[in-house]
Amino acid sequence: MQNLTARYNVLYNAGILLEESRVNIEASHFDDYSQVLSVYKEPSLNAAKAETTNLDSIIKKANGIIMEKSHSNYVDDAYFLVAKANYLKANFYDASEFFDYVFKTYPEEWGLRQASLAGKARAQLQLGNFSLAKASLDTALKYITTEKKSAADIYATYAQLLIKGQNEAQAIEMLQKALEARPG
């Protein structure tokens, strides 16, 4: 019963709220075409403020699974949800720590591990820690064939790292790989 309520009640509803918040935060982003554009429309503190209620609700729901449904098969997904919500709140340090926790704690969950490496790299890029972002991406690239669902995101995040490092030629190659790897 814990698995059923965790997945179809809590995680499903929290996922819908997370997607709404992501769309709203991206919609508030302004593209400056006089600069090289970012691969992602990253959250800012100002944009995240408008979504604080939703994102706090997501974290509360996920923490409910972690604390009350600890025997559920979805505790790993709950931690991942907390990481993503913190990322959208522009709490990049907390997001990076939660992504790292998921990667280290759930070795059998290849999909979440790969997505966690990409998320951690994006958070580290936002914090200006390029060497930590590169280390996460190098690990993700090492195992990219084990989980293809996150491949496009990994390549796109690596392209963002290369753009920040002023290496646009290699970034174009990574973006082409991201386009080839994207699902459906």
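Between Leu112, Leu117, Leu125, which is under 23 Å from Ala27 (Cα atoms) and either free of Cβ contacts under 8 Å to residues at least 24 places away in the same chain or open to solvent by less than 60 Å² (accessible area, probe 1.4 Å) (or both)?
Working: Leu112 fails: under 23 Å from Ala27 (Cα atoms); Leu117 fails: under 23 Å from Ala27 (Cα atoms).
Of Leu112, Leu117, Leu125, the one residue that is under 23 Å from Ala27 (Cα atoms) and either free of Cβ contacts under 8 Å to residues at least 24 places away in the same chain or open to solvent by less than 60 Å² (accessible area, probe 1.4 Å) (or both) is Leu125.
Anything in segment 140-166 that is at pLDDT below 90 and of a type in the set (A, V, I, L, M)? List them, or say none.
Within segment 140-166, Ile144 is the sole residue that qualifies.
Restricting segment 144-179 to residues that are among the β-branched types (Val, Ile, Thr) and within 18 Å of the chain's Cα centre (by Cα), which is farthest from Gln126 (Cα to Cα)? I'd like the intermediate steps shown before the answer.
Of the residues in segment 144-179, the ones among the β-branched types (Val, Ile, Thr) are 144-146, 154, 157, 163, 172.
Of the ones still in play, those that are also within 18 Å of the chain's Cα centre (by Cα) are 144, 154, 157.
Values: Ile144: 23, Ile154: 15, Thr157: 11 Å.
So the residue we want is Ile144.
Could you tell me how many of the residues in segment 87-108 are among the aromatic types (Phe, Trp, Tyr), open to solvent by less than 20 Å² (accessible area, probe 1.4 Å) and either outside any helix (DSSP H, G or I) or without any contact (Cβ under 8 Å) to a residue 40 or more places away in the chain (or both)?
Filtering segment 87-108 for residues among the aromatic types (Phe, Trp, Tyr) gives 87, 92-93, 98-99, 101, 103, 106.
When the remaining residues are screened for being open to solvent by less than 20 Å² (accessible area, probe 1.4 Å), the result is 87, 99.
Filter once more, so that each one left must be either outside any helix (DSSP H, G or I) or without any contact (Cβ under 8 Å) to a residue 40 or more places away in the chain (or both): 99.
Final tally of qualifying residues: 1.
Considering segment 109-119 alone, what residues qualify as being farther than 26 Å from Thr52 by Cα and assigned to a helix (DSSP H, G or I)? Steps first, answer last, please.
To start, the set of residues in segment 109-119 that are farther than 26 Å from Thr52 by Cα comprises 109-111, 113-114.
Scanning segment 109-119 gives Trp110, Gly111, Arg113, Gln114.
Every residue, every condition in (1) in contact with a Phe, Trp or Tyr (Cβ under 7 Å, 6 or more places away or on another chain); (2) among the aliphatic types (A, V, I, L, M); (3) assigned to a helix (DSSP H, G or I); (4) open to solvent by 40 Å² or more (accessible area, probe 1.4 Å), yes or no:
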position: Lys134; (1), (2), (3), (4): no, no, yes, yes
position: Ala151; (1), (2), (3), (4): no, yes, yes, no
position: Ala156; (1), (2), (3), (4): no, yes, yes, no
position: Gln160; (1), (2), (3), (4): yes, no, yes, no
position: Ala169; (1), (2), (3), (4): no, yes, yes, yes
position: Glu173; (1), (2), (3), (4): no, no, yes, yes
position: Lys177; (1), (2), (3), (4): yes, no, yes, yes
position: Pro183; (1), (2), (3), (4): no, no, no, yes
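Open to solvent by 20 Å² or more (accessible area, probe 1.4 Å) and either closer than 15 Å to Ala95 by Cβ or without any contact (Cβ under 8 Å) to a residue 12 or more places away in the chain (or both), is that true of Leu17?
Values: open to solvent by 20 Å² or more (accessible area, probe 1.4 Å): yes; either closer than 15 Å to Ala95 by Cβ or without any contact (Cβ under 8 Å) to a residue 12 or more places away in the chain (or both): no.
No, not satisfied.
Can you spot a residue in segment 79-97 that is in contact with an Asp or Glu (Cβ under 7 Å, 6 or more places away or on another chain) and either within 21 Å of Arg122 (Cβ to Cβ) or charged (D, E, K, R) (or both)? Steps first, answer last, please.
From segment 79-97, those in contact with an Asp or Glu (Cβ under 7 Å, 6 or more places away or on another chain) are 86, 88; that's our starting set.
Next, from what is left, pick out any that are either within 21 Å of Arg122 (Cβ to Cβ) or charged (D, E, K, R) (or both): 86, 88.
Yes; the residues of segment 79-97 include at least one that is in contact with an Asp or Glu (Cβ under 7 Å, 6 or more places away or on another chain) and either within 21 Å of Arg122 (Cβ to Cβ) or charged (D, E, K, R) (or both).
Condition first: hydroxyl-bearing (Ser, Thr, Tyr) and either crowded, with 21+ Cβ neighbours inside 10 Å or outside any helix (DSSP H, G or I) (or both). Now tell me which residues in segment 29-86 satisfy that.
Within segment 29-86, Tyr33, Ser34, Ser38, Tyr40, Ser44, Ser70, Ser72, Tyr74, Tyr79 qualify.
The values are calculated or read from the model by the stated rules, or taken from the named source; none is laboratory data. As the structure is a computational prediction, the values presented were derived from the model and not from experiment. Note that we place each Cβ from the backbone using ideal geometry, even for glycine, and neighbour counts take in every protein chain shown. Surface accessibility is based on the protein's heavy atoms, side chains included, excluding ligands, DNA and RNA. Shrake-Rupley method; radii C 1.70, N 1.55, O 1.52, S 1.80 Å.
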